[in-house]
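The values are calculated or read from the model by the stated rules, or taken from the named source; none is laboratory data. What you see is a predicted model, and the numbers here were worked out from it, not measured in a lab. Note that each Cβ is placed from the backbone with ideal geometry, even for glycine, and that neighbours are counted across all protein chains shown. Just the protein is used for accessible areas: all its heavy atoms, side chains included, with ligands, DNA and RNA removed. Shrake-Rupley method; radii C 1.70, N 1.55, O 1.52, S 1.80 Å.
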Amino acid sequence: MPPPLQAHRLFISHRRLPTPARRRFTAVSSVQSAPATTSAPGPATSSILSIRESLLSGERTAADITSEYLSRLRRTEPSLRSFIHVADAAAEREAEELDRRIASGEKDAVGPLAGVLVGVKDNLCTANMPSTGGSRILDGYRPAYDATAVRRLREAGAIVVGKTNLDEFGMGSTTEGSAFQVTTNPWDDSRVPGGSSGGSASAVSARQCVVSLGSDTGGSVRQPASFCGVVGLKPTYGRVSRFGLMAYASSLDVVGCFGSSVFDTATILSVVAGHDKMDSTSSLQDVPDYASELVSLDLLESKPLNGLRIGIIQETLGEGVDTGVISSIKDAASHLERLGSVVEEVSLPSFSLGLPAYYILASSEASSNLSRYDGIRYGRQVSADDLNEIYGESRANGLGHEVKMRILMGTYALSSGYYDAYYKRAQQVRTLVKESFKGALERYDILISPAASSAAYKIGEKINDPLAMYSGDIMTVNVNLAGLPALVVPCGFVEGGAAGLPVGLQMIGSPFSEGNLLRVGHIFEQTLQNFSFVPPLLAER
């Protein structure tokens with residue numbers, strides 16, 4: 001049995017990044033890996049704003065907009081396989097109804113998300129649509145209700161276009177763990193889109209929908225956002241209701257969102273965030289209008305981030321991280337300095353402890369949460385002679401290999417004689433991680449790091465090496481253990497594929513500081529030059 005956790009002294013060391021008077025960050029350009037352009041691409045624009053303005057002006061109808069996205073989805077879906085279920089007929093009917101309401105002059109017909117097509121990760125319940133969690137055990141299951149986040153999107157006028165693919169019950173980092181299909185990356189269809197929200201990230205990247213919802217238990221929004229070159233937001237734990245989200249690890253699960261711009265992501269967060277009486281862990285804190293706090297490019301000062309203090313986590317730029325990723329992150333940090341911020345290195349010695357603690361805690365909670373899938377109350381049932389055999393055969397046939405392995409790991413960690421050695425010890429490490437972040441964020445406004453240690457890798461490359469796949473989560477799991485918000489914005493490219501592979505910059509903030517992260521991310525996005533995060537898949541068609 002492992003020895004009990006020994007007392008740790010918590011140290012947070014700070015080292016200023018090189019400035020003109022000090023040793024300076026060496027910026028290594030990665031522009032040559034970016035897609036070739038004849039002129040410098042402009043900043044990311046808001047698809048939501050564009051749709052809203054075209055509807056209000058009468059320039060376009062909701063039916064036209066829906067037809068455009070559905071046409072693109074039908075062309076690209078055979079190669080991407082982002083969606084498990086496409087509700088195209090329902091989307092067309094909702095768009096026509098919206099046009100009718102606008103034409104009749106109905107008050108408030110054009111809500112904040114009117115005509116916006118949204119993809120929903122298939123572990124979020126949707127009324128009258130399949131909700132499988134990516135698992136055969138729920139094949140054909142149709143909930144009688146919408147998850148709170150989905151309901152709020154619909155109330156704001158959004159059109160749910162379908163359910164996106166995922167690793168089974170959110171357990172995976174590639175979307176290869178889906179029981180139904182393997183999703184590919186729009187930048188290179190021989191590569192993974194990340195996971196577990198790979199379908200949601202791929203769909204937004206390929207403009208199959210405008211925005212999408214995902215869930216983030218240990219990086220399942222942020223890592224796919226990095227791999228697919230889109231914006232991904234993991235809110236503070238409790239900022240968005242978990243009601244209707246299929247539970248994986250209840251103390252870590254968060255509903256997150258994807259967009260092709262920071263503005264769109266901020267708009268979605270404003271709609272889905274807020275207290276929900278159906279979720280006792282949801283926060284009572286007021287929800288600001290995040291998008292209204294973002295400043296357009298033409299109104300920015302020459303040093304719009306003047307006075308902002310940024311800490312770059314030293315442990316995320318060392319061994320095990322691809323050199324191209326490190327170069328992109330250093331270039332991004334230099335760009336933030338040019339915008340007026342002060343960037344310093346900060347060491348979080350507990351950072352490496354988070355990964356094993358996360359997998360013990362997440363697996364332990366999953367072993368309890370997934371006990372509900374027994375083939376009796378709902379889901380696939382295997383016929384057998386007695387009750388125990390029904391339970392055993394239904395779960396054996398309905399659950400995938402990765403899910404079974406994590407259930408076994410969690411059950412073992414919670415078993416008599418091992419609880420203190422594993423689960424209790426992991427909770428103590430979680431406290432260390434929280435305190436480490438708290439100390440760093442008392443000195444810095446935000447912390448930054450890569451969102452993943454590499455760009456997207458080949459399909460099948462790590463599927464038979466679970467330890468290698470798990471180690472890829474090291475950049476993200478600590479944020480979930482601490483319950484903090486984090487935003488990923490595309491920041492550069494590395495070599496790979498036909499046109500380079502995108503790299504994401506992760507920005508981490510204090511609890512409920514999403515507004516600050518979105519403001520910084522928006523400025524970074526609007527001022528980043530010479531990059532276009534539109535995959536070649538779209539240019540080819």
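How much length, in nm to one decimal, is gained on full extension between Gln529 and Glu155, taken as 0.36 nm per residue of separation minus their Cα-Cα distance?
Taking Gln529 through Glu155 to full extension adds about 131.0 nm, to one decimal.
For Ser292 and Ala103, what does the FRET efficiency come to when R0 = 35 Å and r is the distance between their Cβ atoms, rounded to the nearest 0.05?
The calculated FRET efficiency here is 0.75.
Using the Cα gyration tensor of the range 397-483, with a ≥ b ≥ c the square roots of its eigenvalues, what is the shape: rounded (a/c below 1.5), prolate (a/b larger than b/c) or oblate (neither)?
Oblate.
Given contacts defined as C-alpha pairs under 8 Å and at least six residues apart, what's the relative contact order of the chain, whole-number percent?
Once divided by the residue count of the chain, the mean separation gives 20 percent.
Which net charge results when you count Lys and Arg as +1 and Asp and Glu as -1 among the other residues whose beta-carbon is under 10 Å from that of Tyr290?
Local charge sum for Tyr290: -2.
Going by Cα centres, the range 58-118 and the range 184-261 are how many Å apart?
21 Å
What's the percent breakdown of Cα-Cα distances in the range 352-428 across 5 Å bins, shortest bin first?
3, 17, 21, 19, 15, 11, 8, 4, 1, 0
Defining a contact as two alpha carbons under 8 Å apart and six or more residues distant in sequence, what relative contact order in percent does the range 352-428 show?
Over the range 352-428, the number comes to 44 percent.
Compute the accessible area per residue over the chain, keeping the other protein chains in place, probe 1.4 Å, unit Å².
Accessible surface, normalised per residue, equals 39 Å².
At 7 Å along the Cα-to-beta-carbon direction for both Leu538 and Ala144, put a label point, then send me their distance in nm to one decimal.
4.1 nm
Where a Cα-Cα gap under 22 Å defines reach, which lysines qualify for Lys234, not counting those fewer than 8 residues away within the same chain?
Correct list for Lys234: Lys121, Lys163, Lys277, Lys434, Lys438.
Taking the radius of gyration and the Kirkwood hydrodynamic radius from Cα positions alone, what is the Rg/Rh ratio for the range 482-531, to two decimal places?
Here Rg/Rh amounts to 1.08.
Does the range 183-232 classify as rounded, prolate or oblate by the C-alpha gyration tensor (a ≥ b ≥ c root eigenvalues; a/c under 1.5 gives rounded; else a/b over b/c gives prolate, otherwise oblate)?
In terms of gyration-tensor shape, oblate.
Grab the Cα-Cα distance for Arg443 and Ala396, subtract it from 0.36 nm times how many residues apart they are, and report the gain in nm with one decimal.
Here the answer is 11.9 nm.
Report, to the nearest whole %, how much of the accessible area of the chain belongs to carbon and sulfur atoms, 1.4 Å probe, protein only.
That share works out to 50 percent.
Rank Ile102, Ile448 by accessible area, highest first, at a 1.4 Å probe radius?
Reading off the accessible areas and sorting them downward yields Ile102, Ile448.
Can you give me the solvent accessible area of Ser416 with a 1.4 Å probe, rounded to the nearest 10 Å²?
Ser416 exposes around 120 Å² with every protein chain in place.
Given a 1.4 Å probe and heavy atoms of the protein chains only, how would you sort His275, His401, His85, His522, largest accessible area at the top?
Ranking His275, His401, His85, His522 by accessible area, largest first, yields His401, His275, His85, His522.
How large is the accessible surface of Met405 in square angstrom, using a 1.4 angstrom probe and rounding to the nearest 10?
For Met405, the solvent-accessible surface is approximately 50 Å².
Calculate the length of the line joining the C-alpha centroid of the range 151-170 to that of the range 386-459, in whole Å.
One Cα centre to the other: 25 Å.
Taking the simple approach of a point 7 Å from Cα along Cα-to-Cβ for both Gln285 and Leu49, what is their distance in nm?
Spacing of the two 7 Å Cα→Cβ label points: 2.6 nm.
Whenever you get a sec, line up Arg74, Arg52 from highest to lowest accessible area (probe 1.4 Å, protein heavy atoms).
Solvent-accessible surface, decreasing: Arg74, Arg52.
Per 0.36 nm of contour for each residue apart, how much would the distance between Asn464 and Ser67 grow if the chain were fully extended, relative to their Cα-Cα spacing?
138.9 nm
Quick one: grab the alpha carbon gyration tensor of the range 329-381, order the square roots of its eigenvalues as a ≥ b ≥ c, and give me rounded if a/c is under 1.5, else prolate or oblate depending on whether a/b is larger than b/c.
Prolate is the answer for the range 329-381, as a/c is 1.5 or above and a/b outweighs b/c.
Under 23 Å Cα to Cα from Lys303, which lysines show up? Leave out anything in the same chain fewer than 8 places away.
Here the lysines satisfying the reach criterion relative to Lys303 are Lys330.
Which percentage, to the nearest 5, of the DSSP beta bridges contained in the chain is antiparallel?
70 percent
Given that just one value was derived from the coordinates, which of (1) -0.67; (2) -0.58; (3) -0.48 is log10 I(q)/I(0) by the Debye sum over Cα atoms at q = 0.08 Å⁻¹?
Correct label is (3).
So what is the relative contact order for the range 323-395, in percent, with contacts set as C-alpha pairs under 8 Å and at least six apart?
Here the relative contact order equals 17 percent.
Listed highest first by mean packing, meaning other Cβ atoms within 10 Å per residue, what order do 227-239, 418-430 come in?
Taking the mean over residues of other Cβ atoms within 10 Å, the ranking is 227-239, 418-430.
What aspartates and glutamates could a cross-link reach from Lys462, if we take a straight Cα to Cα line under 20 Å and drop same-chain neighbours fewer than 8 places away?
Asp167, Glu168, Glu176, Asp188, Asp189, Glu319, Asp322, Glu402, Asp473, Glu495
Given labels modelled 7 Å from the Cα in the Cβ direction, how far is it in nm from Gln181 to Ile376?
The answer from the label model is 3.5 nm.
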